[in-house]
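One structure is given below, encoded as structure tokens.
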Amino acid sequence: MLDLARHLRGALAAPCLICATVPTTAVICRACRRDFLPRTRPRCPRCAAPLPRPAAACGPCLQEDPPFDATLTLGDYAPPLDGVLLALKFGHHLALARALGQLLGQRARVCKGSGALVTAVPLAFERQAERGFNQALEVARAAAARLRLPLASDLLVRVRHAPPQEGLTRQQRQRNVRGAFAVHRSCRGLHVLVVDDVMTSGATLAEVARTLKAAGAARVTNLVVARTP
Ligand SMILES: [Zn+2]
Ligand SMILES: [Zn+2]
């Protein structure tokens, strides 16, 4: 039986998605997982934008207080993470979502505590219909398991169709997502950890945080796989 398990694992092993050399059954090999987390740079604690040196907040966050309280990320939306995210988006890669979720959970250990729960940004309607797979939710599931926090998969719902954000200015993006989400229960006093795959302008996550705070959330932390530098 053990032999069979070992044989099956061997048969399913594929080159690690990050280093493209080490065969692994866990999508990202052990060495790359270990190296992932220390690879950090100074970032804005609020929105995770890269900073030249550690500071309390970046320029835009100082200018306009974002509705979320903190953002944690695995790294910049650049190689190797951009390729990893493309694979996640179009490869229906559950094992990869799990690996990334575990890494995010590890990074978010500071968020453990009572009254905390994990949720994910829901997909746009047409994408959900097209793919039937919300990669953010699968990442959130693994992050929640790692943090031993409850996953509230249906906390957020899309109530309005927002056209794609690509090619829009920051202000247009904000207007574009206004009123796009709703929560169907009270979040009073909760610390909500919101998982998404990529954070670009932050307009979507800002709207999500606004919605959660209006429903009573005490604190909102974004957990994003990658941040556009
Ligand atoms: Zn590797
Ligand atoms: Zn910032």
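Coordinate-derived values only; no laboratory data. Bear in mind that the values here come from a model prediction, so they are computed numbers and not experimental data.
Computed quantities for the displayed model
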quantity: Expected-Rg normalisation [2.2 N^0.38 Å, Cα atoms] applied to segment 22-108; calculated: 1.24
quantity: Cα-Cα separations in segment 47-91 greater than 17 Å, expressed as whole percent; calculated: 48 percent
quantity: Mean-position separation - Cα centroids, segment 51-85 and segment 151-229, in angstrom; calculated: 15 Å
quantity: Along each principal axis, Cα extent of the chain, largest first, Å; calculated: 56, 40, 39
quantity: Cα-based equivalent ellipsoid, segment 161-229: semi-axes from gyration tensor eigenvalues, Å; calculated: 22, 15, 9
